[in-house]
Every structure is written in structure tokens, then in C-alpha cells.
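Just so it is clear, none of the values below were taken in a lab; they were calculated from the coordinates. Quick caveat: nothing in here was measured; it's all calculated off a predicted structure. Positions of Cβ are backbone-derived with ideal geometry, glycine not excepted, and every protein chain shown enters the neighbour counts.
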Amino acid sequence: MTQAEAMELIAIWSGLASTDFTLYITATFAYIVAAYVVGSKLTRIQTLMISFLYVWLAVIAVLAVDSDFTWMQVSIEQLEDKRLREITYTGEFWRLPVTGFMSCGILVSIYFMWNVRHPKTK
């Protein structure tokens, strides 16, 4: 693999990770808005269905981002110029913080729905 091909693959995997993260943010925002606007009016089965669909989509996005960063790292390791490998933020650099943030976001979103459906009464 040439240096140019490796750099192109790094850009492609980075772009795919960005796209997958955008999908995750969109789904999370939609779920939170739905929870806030109509969460208290949903039946139990409706809440379970929308929550299952959200979690399924969000987990797929997390796994896709993880895969994108893994393949980005593989592409970085193919760079022949050691200086380029050293100045490039590696897939390993981004992988844990981003996927950790996304995973926490899933839990926070589910908790938010639960809070909307079970308000504290004083």
C-alpha cells in the first residue's frame, strides 16, 4: 500500500466515524425530544418499543464508530513515513473516549425517559 493510499484510507475511516457519530447524535436527540414531549403519555409497550429501537440503533452506531477507529488505526500503521504516524491522532487515541461518551449517552437517555415516565411527586 502506498503512502497516498494509506492517507486516503485514514481520511475515509475518519469520515465514516464522523458520520456514524452524527447518526448517533441524531437518534439520541430524537429519543430525548420524544421522551420529553410525549414520554408521559406513552403506554408501557410503546415506551418499550421506542426504547428498544433507540438502544438498538445507538449500539450499532457505537460499534460502527469503534470499528471505524480500529480500521483507521490499521491504516495509520501502514504509513511509511514515521513522522506522519507520530503527528496523526491515532484511532486508538479517539476510540475509548468517543465510544465511552456514546455508551454513557445511551444510559443517560434511558434514564431521562424513565424520569419523565416516573416523575417525583411532592
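Odds and ends about this structure:
- Working from Cα pairs under 8 Å separated by at least six residues, relative contact order for the chain is 41 percent.
- Nearest-0.05 FRET efficiency for L63 and V37, computed from C-beta distance (R0 35 Å): 0.75
- Within a Gaussian network of the chain (alpha carbon springs, distance under 10 Å), most fluctuating of A27, A58, A11: A11
- Charge dipole (the chain, unit charges on Cβ, about Cα centre) - positive-most of L9, L79, T26: T26
- Helical runs assigned H by DSSP (4 residues or longer) give the chain a calculated mean residue ellipticity at 222 nm of -30000 deg cm²/dmol, each run adding -39500 (n - 2.57) before division by the residue total.
- Applying 1/(1 + (r/R0)^6) with R0 = 25 Å to the Cβ-Cβ distance of M49 and F112 gives a FRET efficiency near 0.90.
- For the peptides 45-52, 59-66, the ranking by packing is 59-66, 45-52, with the highest mean count of neighbouring Cβ atoms within 10 Å listed first.
- Ranking of R83, R117 by count of other Cβ atoms within 10 Å, fewest first: R83, R117
- Footprinting exposure proxy for W13, W114 (fewest neighbouring C-beta atoms within 10 Å first): W114, W13
- Burial order of peptide ranges 33-43, 71-81 (average beta-carbon count within 10 Å, highest first): 71-81, 33-43
- Its Cα centre serving as origin, segment 3-117 has a Cβ charge dipole (Lys and Arg +1, Asp and Glu -1) of approximately 840 debye.
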